[in-house]
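One structure is given below, encoded as structure tokens.
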Amino acid sequence: MPEAVQKRAAQIETVDADADLIEHYYERGFSDGLPVAPPTPEKVEAMVAALGGEPDFLEGRVPPRWGSLTREVLAINAVMAGCLPEYAPVVRAAMRALCDSHFNLNGIQATTHMACPLLVVNGPIRGAIGMNADCNVFGSGNRANATIGRAVRLILLNTGGGWPGELDKSTLGHPGKYTYCIAENEEISPWAPYHVEKGYAPEDSTVFAIAAEAPHSVTNHISDDPEGILESICSAMSTIAHNNAVSSGSCAVVIGPEHAATIAGKGWTRHDVRSFLWMNTKNTFADVSFGHRYGKVYNRNLPRWYGREAESRIPIVPSPENIHLFVVGGEAGRFSAFIPGWGHMTNPVLRAVDSGEPAPGAICVDGTCML
Amino acid sequence: MNPPESNQVVYDPRGTVDAEPRPISKRPASLEGLRVGVLDNTKWNGRRFLEKTLALLQASEGLGEVTYYKKESFSKNAAPELIGRIAAENDAVITGIGD
């Protein structure tokens, strides 16, 4: 072992050559419940090198524990999660998004709500590292999706201190707290990719992060028009049970490829889809206030400009731009999904992998330009 | 016993915490006559909890002047300026979550 490696501060001890390191990391409390891949100096070094070297470089501080996320600490967690070095820039972009103050990771880690960060990757890096954007995209079976999401979770646990019952007070949690990382299926999508809609070039790669509940399936095997399919999504959105209903904020919608083909086949743009969804959800103030059955409700978590009359319509989110739309999944099956967010307490964040900024000027996508 | 060079390294994935812990002030022995601040986290049940707590304390302790404050958002820390104001204007403060 080179001397320089032996001196690293993050190497806390040595154990016998025949010690079971997987059990050792369990005993130290450094696991998410699943076995970790024990980091070796060689693997950590390779992961740090993929981040540009400088192991002590501080990438961020992770709340609520506010542990220092140096490149070395990021690398250790990424190796433990099973990442390959080429995944490291995606993990870093995700952590930069999560540590942006607008995201309010402190609140997301600690909340009693079940939200946790959902990551959506766009751009050429998806193919370069073999991410799955196709069948079973939210499920198991792909190393990059699984271990990038897991690396972020291990950082949130180990560095951020979000241990259940300690600093993570979520009443229920959800399965995405093991890993919750997908890629947009840009190849099959009839529309421009999400990051291009937000002003990045197609050849840029990005990570989008949103505090999210689990996906809620939307089945529609009958409609051959945009309105029918989107009414089904509106139905999934029009409950008073998710956090958006009473706390506004942002949400995500994923359109399955068959649904997307039908919708785009009628000439509808991404903006048309978001606008229809925003316009046609059904909640009223009487619904979300329980008709004042438990006392007079104003609800300070909803925008001031919403009506507070019984029949006032209460949009799920304040504007169509607060619905983050992606095309994901396999080519067969008429399914989409609604993914509720956490509420107005957080803002989704989009970050470029490595460098890269959005192109200047008006954003024009699918015939819609926004200044 | 294995020679040191054949041992396995164990890593700490937590990272250091550089912030210094700041303990809360000692509780006063009595609230009688003290200036008391009430910090509302803006949650529906939080406000009700604070109102009832304050009523009980006013009945049993004989509080001095009471001043109300509101956080900007229940999910974020109170702004440092607000904390400074509360500290300057009060001898004790009551706050709580109440989801």
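Read the figures in this text as sums done on the coordinates, not as results from a lab. Predicted model only: the values in this text are computed from it and were never measured. FYI the Cβ positions are ideal-geometry reconstructions off the backbone, even for glycines, and counts take in every protein chain you see.
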Problem set entry | Alpha-carbon centroids, region A:135-184 and region B:28-43: separation in whole Å | 40
Problem set entry | Inter-site label distance for B:Ala55 and A:Ser217 at 7 Å from Cα along Cβ, in nm | 4.9
Seminar exercise, completed: In whole Hz, the Karplus estimates of ³J(HN,Hα) for region A:74-88 (6.51, -1.76, 1.60; θ = phi - 60°; x where Gly or Pro) are 4, 5, 4, 5, 5, 5, 4, 6, x, 5, 8, x, 5, 7, 4
For this session: Within region A:244-264, which residues have the backbone N less than 19 Å from the label spot 7 Å out from A:Tyr294 along Cα→beta-carbon, could you tell me?
Result: A:244-248
Problem set entry | Dipole of region B:1-98 [Lys/Arg +1, Asp/Glu -1 at C-beta], most positive-end residue of B:Leu39, B:Leu50, B:Val9 | B:Leu50
Exercise. What's the center-to-center distance, using Cα atoms, between region A:209-257 and region A:106-125 in Å?
Worked result: 18
Problem set entry | Under Karplus coefficients 6.51, -1.76 and 1.60, residue-wise ³J(HN,Hα) of region A:212-222 in Hz, glycine/proline x | 9, 6, 6, x, 10, 4, 10, 9, 8, 9, 10
For this session: Would you mind checking which residues have amide H under 5 Å from A:Ser170's amide H? H placed 1.01 Å from N; only 5 or more apart, or other chain.
Result: A:Gly165
Seminar exercise, completed: Taking Cα pairs closer than 8 Å and at least 6 residues apart, the relative contact order of chain B in percent is 39
Exercise. Dipole of chain A, Cα-centred, from +1 at each Lys and Arg C-beta and -1 at each Asp and Glu C-beta, to the nearest 20 debye?
Worked result: 1360
Problem set entry | In degrees, nearest ten, helix A:41-50 long axis to first principal axis of chain A (Cα) | 50
For this session: Give, as ranges by residue number, the residues of region B:30-50 whose backbone N falls under 20 Å from the point 7 Å along Cα→Cβ of A:Thr112.
Result: B:39-50
Exercise. Mean shadow of region A:15-170, computed from the convex hull of its alpha carbons, in nm²?
Worked result: 9.7
Exercise. Which percent of Cα pairs goes in each bin when the distances of region A:60-149 are cut into 10 angstrom slices starting at zero?
Worked result: 15, 45, 35, 6
Exercise. Want the number for A:Ser101 to A:Asp16: 0.36 nm per residue separation, take away the alpha-carbon distance, what's left?
Worked result: 26.3 nm
Problem set entry | Spin-label proximity, A:Arg308 to region A:266-295 - amide N less than 17 Å from point 7 Å beyond Cα toward beta carbon | A:284-295
Seminar exercise, completed: Rounded to the nearest 10, the angle in degrees between the Cα long axis of helix B:44-61 and the longest principal axis of the Cα atoms of chain B comes to 60
For this session: Pop out the Kirkwood hydrodynamic radius of region A:186-265 from its pairwise C-alpha distances, inverse of mean 1/r, in Å to one decimal.
Result: 14.6
Exercise. For chain B, what's the radius of gyration and Dmax over Cα atoms, in angstrom?
Worked result: 21.7, 72
Problem set entry | Helix B:80-89 vs. chain B, principal-axis angle (Cα, 0 to 90°, nearest 10) | 40
Exercise. Using the alpha carbon gyration tensor of the protein assembly as shown, what are the three equivalent-ellipsoid semi-axes (square root of 5 times each eigenvalue), largest first, in whole Å?
Worked result: 38, 36, 18
Exercise. In nm, to one decimal, how far is the modelled label at A:Ser319 from the one at A:Ala46, with both set 7 Å along Cα→Cβ?
Worked result: 4.6
For this session: State the extension gain, in nm to one decimal, for the chain segment bounded by B:Ile97 and B:Arg48, taking 0.36 nm per residue of separation less the distance between their alpha-carbons.
Result: 16.6 nm
